[in-house]
1. Could you calculate the FRET efficiency of SER53 with LEU121 from 1/(1 + (r/R0)^6), where r is the beta carbon distance between them and R0 is 22 Å, rounded to 0.05?
2. Give a residue-ordered list of calculated ³J(HN,Hα) values for the range 103-119 (Karplus: 6.51 cos²θ - 1.76 cosθ + 1.60, θ = phi - 60°; whole Hz; x for Gly, Pro).
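Derivation of every value follows stated rules applied to the coordinates shown; laboratory data play no part. Fair warning: this is a prediction, and the values are worked out from it, not measured in the lab. Glycine gets a Cβ as well: all are built from the backbone with ideal geometry, and neighbour counts include every protein chain shown.
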Amino acid sequence: MTVLHREWPHTVQLMDTTNPTPAPTPVVTVPPIGSADGGKIDLQAGWNDLWTSVTTGYPGIGHTMAIIGVGIAVLSLLKWSWNARHGRGHGAAARPVLGGLIIGAILAAPAVVIPLLLGVLSVVANIVVSLVVKASGV
């Protein structure tokens, strides 16, 4: 029996279900974190691979997300200025504006903002791991 099998993104192949041959599983070797052979935490590489595959599959997504992100940021600033004009935009009332600006920035520049945040997080994680490795004497 032959069935149609779909894989992401947009590839179609025929599979023989009467005598399926299992595909070889790839073997991935990862050095242990903190090892001498360079087991560093690198969150940016994974994001870059993911973002490259997304933009390859959907070429206009970056532009669309930028438009939506800028729109959210502008609407957030307009709401804050409207509330400030009417005496309600100070102190804790300005927190939703910050949330809107953060969401707008992430949507407007995911190829810049997210790798920057992941890079900072990678540095902090590598520092913590190296301190733990030194403290444990491994």
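1. Numbers: r = 21 Å, r/R0 = 0.96.
Computed FRET efficiency for SER53 and LEU121 comes out at 0.55.
2. Running phi through 6.51 cos²θ - 1.76 cosθ + 1.60 with θ = phi - 60° gives 4, x, 5, 5, 6, 6, 9, x, 7, 10, 5, 5, x, 5, 5, 5, x Hz.
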